[in-house]
Structures are given as structure tokens and as C-alpha cells.
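The values are calculated or read from the model by the stated rules, or taken from the named source; none is laboratory data. Quantities reported herein were computed from a predicted structural model and do not represent experimental measurements. Methodologically, a virtual Cβ is constructed for each residue, glycine included, from the backbone with ideal geometry; neighbour enumeration extends over all protein chains shown. Note: areas computed on protein heavy atoms with side chains; ligands, DNA, RNA excluded. Shrake-Rupley method; radii C 1.70, N 1.55, O 1.52, S 1.80 Å.
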Amino acid sequence: RLQESRERLSVCSKLCYAVGGAPYQITGCALGFFLQIYLLDVAQVDAFYASIILFAGRVWDAITDPMVGFFISKTSWTRFGRLMPWIIFSTPFAIISYFLIWFVPDISTGQVMWYLVFYCAFQTLVTCFHVPYSALTMFISREQSERDSATAYRMTVEVLGTVLGTAIQGQIVGKADTPCIESPFFFGLTNSSVAMEEPNMTQDTESLTDTRNAYMIAAGVIGGLYLLCALILLLGVREKRESSELQSDEPDSFFQGLKLVMNHGPYIKLIAGFLFTSLAFMLLEGNFALFCTYTLGFRNEFQNILLAIMLSATLTIPFWQWFLTRFGKKTAVYVGISSAIPFLIAVVVLDSNLYVTYVVAVAAGISVAAAFLLPWSMLPDVIDDFKLQHPSSHGHEAIFFSFYVFFTKFTAGVSLGISTLSLDFAGYQTRGCSQPGQVNFTLKMLVSTVPVVLILLSLLLFKLYPIDEEKRRKNKKALQDLREESNSSSESDNTELASIV
């Protein structure tokens with residue numbers, strides 16, 4: 001009892017730990033929703049090069065996760081711990097690189113390299129923060145119940161962080177009216193009209209400066225929150241070396257474990273299903289701001305529509321937690337993810353209407369909540385199934401989770417790169433007040449048709465997923481029997497040893 005009371009975490013410690021998860025979600029949401037439209041319309045990067053920046057940055061982000069995890073495992077303990085030094089030293093450089101992503105350099109050449117370097121640098125540095133932060137769960141207490149409780153606090157704060165990132169970036173940027181240019185391309189004007197456009201471009205320079213300043217102000221506010229959350233984490237959480245000591249045998253090597261995990265059928269089917277789902281929602285996230293601005297014509301409302309999506313997602317996570325407990329996880333997948341399909345079709349088929357768009361945003365948020373919660377709820381079931389099939393092999397939990405994150409981030413990079421490249425091929429006009437018909441058609445495809453097809457494919461893959469509620473109950477009982485058998489065997493060995501003595 002004394003040991004348990006020592007391991008018990010206070011509410012203050014759990015809150016301080018949970019706050020550390022906010023920077024990753026706040027910056028991730030701001031970049032996910034706004035970086036594409038910023039590069040195209042504010043920094044005025046060519047759509048082809050913007051696609052390279054977005055693709056390379058997200059793919060590099062995926063690669064850095066296993067790299068940073070490997071280097072952390074080789075790090076020696078210090079008086080601050082083994083994980084805290086990574087968080088301490090990465091934080092200031094991450095804030096600087098994040099701010100420079102939203103800065104438009106006054107250079108004629110090298111602009112693309114500027115954004116590529118600082119975007120990849122920030123992804124590396126935020127990984128150096130988030131990977132040790134995620135692993136910190138194992139170093140705050142030896143009590144599983146205390147770790148689970150701290151994780152629940154963390155998930156709540158992370159979901160709120162997505163709302164905060166969308167709200168801060170959207171509301172500050174939305175106050176500045178980004179000027180647009182009426183291009184003669186759209187209306188078939190004569191060359192004499194082109195001469196009339198020059199004074200307009202000069203006149204719009206100051207307004208565009210205001211928009212750039214708004215992005216930098218938002219970056220400064222988010223950078224300040226990043227620093228505040230990091231300080232709260234460092235001052236309020238103590239990394240305990242003894243909490244990480246394992247009582248089990250030496251686990252298998254990394255490559256042996258990777259081979260076993262990748263040959264586990266339920267894991268591959270679950271990963272494949274959520275990869276298609278993730279790709280669908282990443283396409284929606286990355287292109288929804290452009291779709292609202294140009295296709296629907298809600299130039300001054302898109303930030304509020306994005307906020308409606310994230311608020312809806314936040315408020316409906318408890319509902320999906322209750323739903324999967326009541327009706328099962330596979331049923332929650334079918335209902336939750338497929339609920340977005342009719343609304344995604346309606347927003348394209350129906351005439352442009354602000355109220356309909358808000359309804360679609362709320363419905364999309366409900367599906368986003370399901371897609372956010374369900375993978376982390378279903379992965380433990382796959383791990384339990386794996387343990388039953390490989391009872392002598394252990395220590396592979398990190399591989400299951402890390403490679404799910406790796407594939408998700410890689411998919412995000414592919415989706416952003418392909419969508420931006422598609423807009424370039426369609427003839428996207430930077431800072432245009434409107435876009436050619438091909439661009440509007442491409443945006444409709446990217447936020448409606450393609451996501452719907454991907455969601456349907458994911459539902460077909462989930463049909464093949466073998467772990468339903470009955471299977472899950474059987475696995476749970478079988479694991480319990482194995483543990484009891486192991487405990488009884490250990491007790492009998494101890495009794496035999498005592499009799500010999």
C-alpha cells in the first residue's frame with residue numbers, strides 16, 4: 001500500500017503531463033489546414049513547388065519518428081532524465097523554425113528552399129519533442145492504472161489542442177482580408193485590360209502585407225503557447241528512472257519483432273483500412289480551405305467552417321467512446337466513418353449555401369472524431385491477438401504503434417503532394433478572385449468524390465478485419481487464462497524451492 005501511494009500521481013501532475021501533448025496538436029492543426037493556402041496565395045509559391053514542399057515535409061516527418069526513437073534508446077541518463085533533455089533542447093529551435101515557416105523572405109530566388117528547409121526542420125524538432133513525450137508515459141509511474149489515467153488526461157488536452165490551433169490560426173488570419181486579383185484569363189478580356197491590372201496589383205501590396213503579418217502574429221501566439229506548455233511539462237512532471245525497469249525477459253530484436261508484426265494478418269488489415277480512411281480525411285483537411293474560398297465562394301467564412309469541424313469532433317468523442325462500448329468497435333467504424341459520405345456528396349451536388357456548408361462541417365467533424373479515436377482503441381485488440389499467437393515473443397508494442405504513425409504520416413504527405421500537384425495541372429491561379437472551371441472541378445473531386453471512394457474502400461477492408469466483439473471477448477479470456485496459468489506456475493516453483501530449502 002505504501003508503494004502504491006508513492007506511485008500515485010496527483011491531479012496536478014497528470015494535468016502538467018497532459019498539457020505537454022498540446023504543442024504537437026496545435027501546430028499540426030494550423031499547418032494541416034492553412035499551410036497549403038498560405039503557400040499558394042500569400043507566399044505565392046508555384047503550385048508545383050508547393051506540392052514538393054508539402055510532400056517532402058510530411059514524408060520527412062514520417063521518417064524522423066523511428067530515427068528519433070532509435071537515438072533516444074541510445075541516450076544515457078542525466079540528472080534531468082533520459083527524455084527531458086530532448087524536450088528541453090528541441091523546444092526553442094522548434095519555435096523559431098515554426099515562426100520562419102510563416103515568414104515570407106524578401107528574396108527573388110531560393111524561396112522554395114526556404115520553406116522546404118524550415119518545414120523539414122520543424123518536423124524534425126517537433127518529433128524530438130513528441131516522441132520522448134509519448135514515451136514519458138512509461139516513466140511517470142509503475143502503476144498501470146495511473147498511466148491509463150494520465151493518458152486519458154492527455155487525450156482530452158490533445159483534442160482541445162486541435163480546436164485551439166484551428167481557432168487561433170483561423171481567427172487571427174481571418175481578420176485580414178487577403179486581396180485577390182481579377183485575372184483576364186477568366187473573362188477573356190483584351191490586352192488593354194491587362195494594363196489596367198497593374199495599378200491594382202500595386203494597390204493590393206499593402207493589404208497582402210497585412211495578411212502576411214497576420215500569419216506571423218498567429219505563429220507568434222502559437223509559438224508562445226508551445227513554450228508555455230513545454231515549461232509546464234518540465235516543471236510539473238518528474239521523470240522516474242525506476243519506473244521504466246522491466247521485470248520481464250530480454251525482448252526480441254527489433255528486426256525479428258518487425259518481421260513478426262508485419263506478418264500478423266489482423267494488423268495489416270487494420271492498418272490498410274485506416275490508411276484509406278486517413279488519406280480521405282487528409283485530402284478533406286488539406287483542401288477544404290481552398291474549396292470554401294473558391295468553389296463555394298466563402299472567402300471570409302472558411303476559418304469559421306474549419307472551427308466548426310474541430311468543435312464537432314471534440315464534442316462527439318465521448319459519444320463514440322460510449323457507442324463502441326455499447327455496440328462494438330467494428331460497428332462504430334462502419335457507422336462513424338460512413339456517416340460523412342452523404343454530406344460530402346451534398347456539399348458538391350447542392351448549390352452553394354452557407355448553412356448547408358456548416359451542416360456538412362459538423363457532420364464531417366463527427367466522422368473525424370470516430371477516425372481519431374477508433375485506431376487507438378482497436379490497436380490494443382490486435383496486440384492481444386498477436387500475444388496469443390506468439391506467446392513466447394514479447395516487447396513489440398512500440399512497433400505496432402510507431403509503424404501505424406509512420407504509415408499515417410507518409411499517407412498525409414502523399415495526399416498533400418498529389419492534391420497540390422493536381423491543382424497545378426488544373427491551372428490554379430495564385431491570388432485569383434476566382435479560379436478556372438477545371439480548378440473548381442478538381443477541388444470538388446479532392447473534397448468529395450475521392451474521399452468518398454477511399455472511405456468505401458476502407459469499409460471493404462474493415463469487412464475483412466477478423467477481430468469482432470466475440471473474438472475480442474475470447475482473446476481477453478484466453479489471455480486471462482494464460483496469466484493465471486503463469487502465476488500459478490510461478491507460485492508452484494516458489495513453493496517447491498521453499499520446501500527444498
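Quick look at the numbers
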{"read-out": "Residue count, the stretch 424-447 (criterion: over 15 Å from residue 297 (Cβ atoms) and of a type in the set (S, T, N, Q))", "value": "4"}
{"read-out": "Among the candidates 124, 64, 78, 91, residue that is without any contact (Cβ under 8 Å) to a residue 40 or more places away in the chain and either in contact with a strand residue (DSSP E or B) (Cβ under 8 Å, 6 or more places away or on another chain) or hydroxyl-bearing (Ser, Thr, Tyr) (or both)", "value": "78"}
{"read-out": "Boolean, residue 261 is assigned to a helix (DSSP H, G or I) and open to solvent by less than 10 Å² (accessible area, probe 1.4 Å)", "value": "yes"}
{"read-out": "Complete set of residues in the stretch 445-473 that are basic (Lys, Arg) and touching a Lys or Arg at 6+ places or on another chain (Cβ under 8 Å)", "value": "472"}
{"read-out": "Answer from 151, 137, 156, 124 - the residue that is open to solvent by 10 Å² or more (accessible area, probe 1.4 Å), under 26 Å from residue 239 (Cβ atoms), among the hydroxyl-bearing types (Ser, Thr, Tyr) and at pLDDT 80 or above", "value": "124"}
{"read-out": "Positions within the stretch 58-95 being open to solvent by 50 Å² or more (accessible area, probe 1.4 Å), closer than 26 Å to residue 408 by Cα and part of a helix (DSSP H, G or I), in sequence order", "value": "60, 63, 66, 67, 70, 71, 73, 86, 93"}
{"read-out": "Of all residues making up the stretch 278-306, the number that are under 30 Å from residue 462 (Cα atoms), open to solvent by 30 Å² or more (accessible area, probe 1.4 Å) and modelled with pLDDT under 85", "value": "2"}
{"read-out": "Yes/no for residue 27 being assigned by the TED database to the domain that holds residue 166, among the hydroxyl-bearing types (Ser, Thr, Tyr) and under 16 Å from the mean Cα position of the chain (by Cα)", "value": "yes"}
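Results for (1) crowded, with 22+ Cβ neighbours inside 10 Å; (2) modelled with pLDDT under 85; (3) not in a loop (DSSP other than H, G, I, E, B), shown as yes or no for each residue.
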| site | (1), (2), (3) |
| --- | --- |
| 401 | no, yes, yes |
| 407 | no, yes, yes |
| 412 | yes, yes, yes |
| 422 | no, no, yes |
| 439 | yes, no, yes |
| 442 | yes, no, yes |
| 447 | yes, no, yes |
| 451 | yes, no, yes |
| 457 | no, no, yes |
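One line per residue, one yes/no per condition, for (1) assigned to a helix (DSSP H, G or I); (2) β-branched (Val, Ile, Thr):
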residue	(1), (2)
288	yes, no
293	yes, yes
299	no, no
315	yes, no
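Table: residues versus (1) assigned to a loop (DSSP other than H, G, I, E, B); (2) within 30 Å of residue 256 (Cα to Cα); (3) among the aromatic types (Phe, Trp, Tyr).
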| site | (1), (2), (3) |
| --- | --- |
| 380 | no, yes, no |
| 392 | yes, yes, no |
| 404 | no, yes, yes |
| 418 | no, no, no |
